[in-house]
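Reading through the structure tokens given below for one structure.
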Amino acid sequence: MRRLADAGVESPRVDAELLLAHALSVPRARLLTLDDVPDDVAGRFGELLAQRADRVPLQHLTGRAPFRHLELAVGPGVFVPRPETEQLAGWVLERLAGRTAPVVVDLGSGSGALALSIAQELPGARVVAVERDPGAIEWTRHNAAARAAAGDTPVEVLAGDMTDPELLRALEGTVDVVVSNPPYVPDGARVPREVADHDPPLALWGGPDGLDVVRGLLVTAARLLRPGGQVGIEHADAQGGSLPALVRAHGGFTDVEDHPDLAGRPRYTTACRAGG
Ligand SMILES: C[S@@+](CC[C@H](N)C(=O)[O-])C[C@H]1O[C@@H](n2cnc3c(N)ncnc32)[C@H](O)[C@@H]1O
């Protein structure tokens, strides 16, 4: 644990426990009643600690990332889903509660965290997951296939660019919710080593103000949403003013609101497609 703390790992105890549990192939709670660690497991645990001290993300070492009620497969080539994004999924679910067969589009799906949670928690929904990165979409497809095999409503996975004016033409004006956790980090911003060295660049960087992809995403959202349909977009702490301003400036949305995360930091913007 000391080794992780010295390396600047944010939660050294939790990470060490999760890595030991992973090396033992047991749940973390089982460590409480552990008498002994076999030599081969101790060796494996040491290797994992060394990698974590070198700031390899915990989730890449365990190969799993929790998200709401799911455990998603993650690794090199895909963005590790973050707990703060769970609230955005919750917002979508609240908006659609009681609606029969709503249509949801997740733009920039990565591991599929948002799309697959929504499909799991809203079984009647049609959910389309769009991903541009050829490496990341392998993970989207893998997780979507695993969840469908587990009995969740299948999610449609589409290779595409969320800023492409031709994207999902057949769904124009019919979508109930467009949701996205797009790349929004301003170019050149300082990010932790886990992020800089292991999250894919396409998942992170959003141009000088971080909002380059969002500009195109807003045009797509306005085109896909039915009148009265809603869009929810995650953003950086510093974009709680600039992103809502961008949505208002688009002119095609009403009821623009920004929402804090559980730590009270500005985290996502929502709006309603005008005409509803
Ligand atoms: C911050 S990650 C979010 C992934 C996932 N939705 C989540 O919340 O964990 C952004 C994702 O958008 C994808 N992406 C970036 N630009 C894109 C574009 N123009 N069109 C479609 N996907 C894009 C990235 O490859 C990445 O998977």
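Take the range 179-197 and flag every residue that is more than 8 Å from the ligand (Cβ to nearest atom) and either under 15 Å from GLY112 (Cα atoms) or touching a His at 6+ places or on another chain (Cβ under 6 Å) (or both). Can you show your working first?
So the first thing to find is which residues in the range 179-197 are more than 8 Å from the ligand (Cβ to nearest atom), and the list is 179, 185-197.
Hit for the range 179-197 is VAL179, nothing else.
Would you say ALA5 is touching a residue at least 24 places away in the same chain (Cβ under 8 Å) and assigned to a helix (DSSP H, G or I)? Steps first, please.
Working: touching a residue at least 24 places away in the same chain (Cβ under 8 Å): no; assigned to a helix (DSSP H, G or I): yes.
Here the answer is no, as ALA5 does not meet what is asked.
Grab the strands (runs of 3 or more DSSP E) fully contained in the range 221-276, keeping just those with 1 or more residues being of a type in the set (Ser, Thr, Tyr). Even if it seems obvious, please write down each step before you answer.
Details: elements: 225-234, 253-260, 266-273.
Answer list for the range 221-276: 253-260, 266-273.
For the range 23-122, list the strands (runs of 3 or more DSSP E) that sit wholly inside it and hold at least 2 residues that are β-branched (Val, Ile, Thr), more than 20 Å from ARG3 (Cβ to Cβ) and at pLDDT 95 or above; which are they?
Values: elements: 64-67, 70-73, 103-107.
Answer list for the range 23-122: 103-107.
Determine which member of the set LEU211, LEU225 is away from the ligand (no atom under 12 Å from the Cβ), within 19 Å of ALA274 (Cα to Cα) and modelled with pLDDT of 95 or more. Reasoning before the result, please.
Working: LEU211 fails: within 19 Å of ALA274 (Cα to Cα).
The unique qualifying residue is LEU225.
Can you tell me which residue within the range 157-172, out of those that are in contact with a helix residue (DSSP H, G or I) (Cβ under 9 Å, 6 or more places away or on another chain) and in a loop (DSSP other than H, G, I, E, B), is surrounded by the most Cβ atoms within 10 Å (Cβ to Cβ)?
Restricting to residues being in contact with a helix residue (DSSP H, G or I) (Cβ under 9 Å, 6 or more places away or on another chain) and in a loop (DSSP other than H, G, I, E, B), the top hit is MET162.
Can you tell which of VAL78, VAL74 is surrounded by 17 or more Cβ atoms within 10 Å (Cβ to Cβ), in contact with a Pro (Cβ under 9 Å, 6 or more places away or on another chain) and over 30 Å from THR174 (Cα atoms)? Let's see the steps before the verdict.
Details: VAL78 fails: over 30 Å from THR174 (Cα atoms).
So the residue among VAL78, VAL74 that is surrounded by 17 or more Cβ atoms within 10 Å (Cβ to Cβ), in contact with a Pro (Cβ under 9 Å, 6 or more places away or on another chain) and over 30 Å from THR174 (Cα atoms) is VAL74.
Quick check on my filter: what residues within the range 120-171 are among the basic types (Lys, Arg) and within 28 Å of VAL219 (Cβ to Cβ)? Even if it seems obvious, please write down each step before you answer.
Quick first cut of the range 120-171, residues among the basic types (Lys, Arg) only: 126, 132, 141, 147, 169.
Within the range 120-171, ARG126, ARG132, ARG141, ARG169 qualify.
Kindly indicate the residue of the range 60-79 that is within 20 Å of GLY232 (Cβ to Cβ) and among the hydrophobic types (A, V, I, L, M, F, W, C) and also nearest to the ligand (Cβ to nearest atom) among those meeting that condition. Spell out how you get there, then give the answer.
Step one: list which residues in the range 60-79 are within 20 Å of GLY232 (Cβ to Cβ), which gives 67-70, 72, 79.
Add one more test, that the residue is among the hydrophobic types (A, V, I, L, M, F, W, C), and what stays is 67, 70, 72, 79.
Numbers: PHE67: 7, LEU70: 11, LEU72: 9, PHE79: 4 Å.
Checking each candidate, the answer is PHE79.
Return yes or no: is VAL105 β-branched (Val, Ile, Thr) and in contact with a strand residue (DSSP E or B) (Cβ under 7 Å, 6 or more places away or on another chain)?
Details: β-branched (Val, Ile, Thr): yes; in contact with a strand residue (DSSP E or B) (Cβ under 7 Å, 6 or more places away or on another chain): yes.
So VAL105 passes the test.
Return only the number of the condition from (1) modelled with pLDDT under 95; (2) closer than 20 Å to VAL103 by Cα that GLU194 does not satisfy.
It fails just one condition, (2).
Of the conditions (1) surrounded by fewer than 21 Cβ atoms within 10 Å (Cβ to Cβ); (2) of a type in the set (Asp, Glu); (3) within 16 Å of the ligand (Cβ to nearest atom), GLU131 fails just one. Which one is it?
(1)
Can LEU116 be described as within 21 Å of GLY151 (Cβ to Cβ) and more than 12 Å from the ligand (Cβ to nearest atom)?
Details: within 21 Å of GLY151 (Cβ to Cβ): yes; more than 12 Å from the ligand (Cβ to nearest atom): no.
No, not satisfied.
Do we find a residue being part of a strand (DSSP E or B), in contact (Cβ under 8 Å) with a residue 60 or more places away in the chain and crowded, with 16+ Cβ neighbours inside 10 Å anywhere in the range 203-215?
Of all residues in the range 203-215, those part of a strand (DSSP E or B) come to 205.
This time we only want the ones that are in contact (Cβ under 8 Å) with a residue 60 or more places away in the chain, so: none.
No: the range 203-215 contains no residue that is part of a strand (DSSP E or B), in contact (Cβ under 8 Å) with a residue 60 or more places away in the chain and crowded, with 16+ Cβ neighbours inside 10 Å.
Cβ-Cβ under 9 Å, sequence separation 6+ or interchain: first residue in the range 139-159 and small (Gly, Ala, Ser), partner assigned to a strand (DSSP E or B) and more than 13 Å from the ligand (Cβ to nearest atom). Which pairs?
Every condition considered, the pairs that remain are ALA144/GLU156.
Using the structure shown, decide if ASP176 is within 16 Å of the ligand (Cβ to nearest atom), assigned by TED's automatic domain parsing to the domain that holds GLY124 and outside any helix (DSSP H, G or I).
Working: within 16 Å of the ligand (Cβ to nearest atom): no; assigned by TED's automatic domain parsing to the domain that holds GLY124: yes; outside any helix (DSSP H, G or I): yes.
No, not satisfied.
The values are calculated or read from the model by the stated rules, or taken from the named source; none is laboratory data. Remember, predicted model here, so these are calculated numbers, not experimental data. Ideal geometry is used to build each Cβ from the backbone, glycine not excepted, and the neighbour counts take in all protein chains shown.
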